Amino acid sequence: MSLRHDLRVVRAVAAADIRLALREPLFVIIGVVIPINFLLLFLLFAISGGQAPIAVVMNDRGPLAERFVQGMDNSHSFVIHTASSADAEREIRAGSIVAVVTVPQDFDAALNARTRVDIPVEVNNLNVDFTNDIRRAVPLSITSFYADAFPEQVVVRALEADVQQHDTGYIPYLAVSIVVAGLMLASLLQGSVNAARDYELGTIKELALAPVSRLAIGLGKMLGSAALTVASALLVLGVVILLIGVHPLHPLEVLGFGLLMIAAFLALGVLAGTLVRRRQQAIPLAIASVLPLFFLSGPFGPATWLGAIPGAIAAVSPLTYAIAAFQHAFHGYQTATQDLTVDTMVLAGFALGAVALTALVYGRRGVSH
């Protein structure tokens, strides 16, 4: 009978929170829009920083020259377009491109005669990241082209053995990491806003006087927040899957790990809202907590690549395990040293621990005031 009563309490609290949220759509919209903006912001960052834009001046249109430019394009390091010498110079002076690569007029003839060919590369070295990309990728493209065009002349070759079954682009990899951060941000926002609303509207007094389980109240508030979080989660996933075209290889893993993440981060959100008691404080707190944790949890590659101190922080971050689990769900590989079982156990343990802590604090501090 007690369990049945507690379940009714959970449903009633969740339904009440949803009704209150729908009466104040501004905060619901904030909880949905901010994760989408977060996703779009980082995707724009990825698109602008993934490949260096360059202009190629084709003073020789021979087959070897065309093959060389095609090899540069296949290196996945450049965004290439051809231009005249004058146009390319204007573009690099205007800052719209990073480098100008000039194919000399006697390119094919010199190669066929086995004589030296110098390829002028003008670099706008304002951005050190792009500059280093050019300095690495252009010589590598030249070496790869020459080894392919004149295999008898190049006796040393690199034999690549891939750890993963397939390559993953920079944007598809980063998009999955951003989805995890978006789920965390949406959960923290909805959970903290719903909990803080009780103090602003005074409904916390009614809950304090009600003869019901404090755990049931906490779970009900999480369930109500979850209903709103799911809308934001579906929207973020929809953008990544339908618009960007990153399709999960294991959809059930996406569902399972997504629910684990939402449960854990919603519990933290309810806890934060109970502590700060104001929605205007809860929203910036959620955003401020997600951003540094996101960068310290291996969004651009395995967290073990970050170094000793950041790697130690990443080891205790739930986002690290969530990102690794979602990378497996979407791309089919494990990006961390631990396996998928460890990811599952850590996320489940974090979810249970966060729920228990939230129920404890909500019972002692939230309902007693």
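The numbers here are math on the coordinates, done by the rules we state, and not lab data. These figures come from a predicted structure and were not determined experimentally. For neighbour counting, all protein chains shown are included, and Cβ atoms are generated from backbone atoms with ideal geometry for every residue, glycine included.
Key figures for this structure:
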read-out	value
Exposure proxy ranking, count of Cβ atoms within 10 Å, fewest first, for SER177, SER187	SER177, SER187
Within the chain, percent of DSSP bridges classed antiparallel, to nearest 5	25
Degrees, to the nearest 10: 63-73 long Cα axis against longest axis of the chain	20
Proxy reagent accessibility, fewest Cβ within 10 Å first, across HIS328, HIS250, HIS166	HIS166, HIS250, HIS328
Calculated FRET efficiency for the pair LEU44/SER2, C-beta based, R₀ 30 Å, to 0.05	0.05
Within the chain, helix-based [θ] at 222 nm, where runs of 4 or more DSSP H residues each add -39,500 (n - 2.57), nearest 500	-22500 deg cm²/dmol
FRET efficiency for VAL155 and LEU249, using Cβ-Cβ distance with R0 set to 45 Å, rounded to 0.05	0.65
GNM result for the chain, Cα springs below 10 Å: residue of GLY245, GLY258, GLY182 fluctuating most strongly	GLY245
Under 5 Å, built H, 5+ apart or other chain: amide partners of ALA99	ALA55, ASN124
The chain - Rg over Rh from alpha carbon coordinates, Kirkwood radius	1.14
Computed lengthening from SER85 to THR143, 0.36 nm per intervening residue step minus Cα-Cα distance	18.4 nm
Folded to 0 to 90 degrees: helix 251-276 orientation relative to the chain principal axis, Cα	60
Rounded tilt (10° steps) of 279-295 against the dominant C-alpha axis of the chain	40
In order through segment 85-90: 3J(HN,Hα) via Karplus (6.51 cos²θ - 1.76 cosθ + 1.60), integer Hz, x for Gly, Pro	4, 5, 5, 5, 5, 5
Relative exposure of ASP148, ASP343, ASP133, judged by other C-beta atoms within 10 Å (fewest first)	ASP148, ASP133, ASP343
Of all DSSP beta bridges in segment 52-149, antiparallel share, percent nearest 5	25
Chain lengthening between ASN59 and THR341 when straightened (0.36 nm per residue, less Cα-Cα)	95.8 nm
Estimated FRET transfer efficiency when R0 is 56 angstrom, pair ARG116-ALA308 (beta carbons, to 0.05)	0.80
Top of ALA315, ALA94, ALA175 by mean-square fluctuation, Gaussian network on the chain, Cα under 10 Å	ALA94
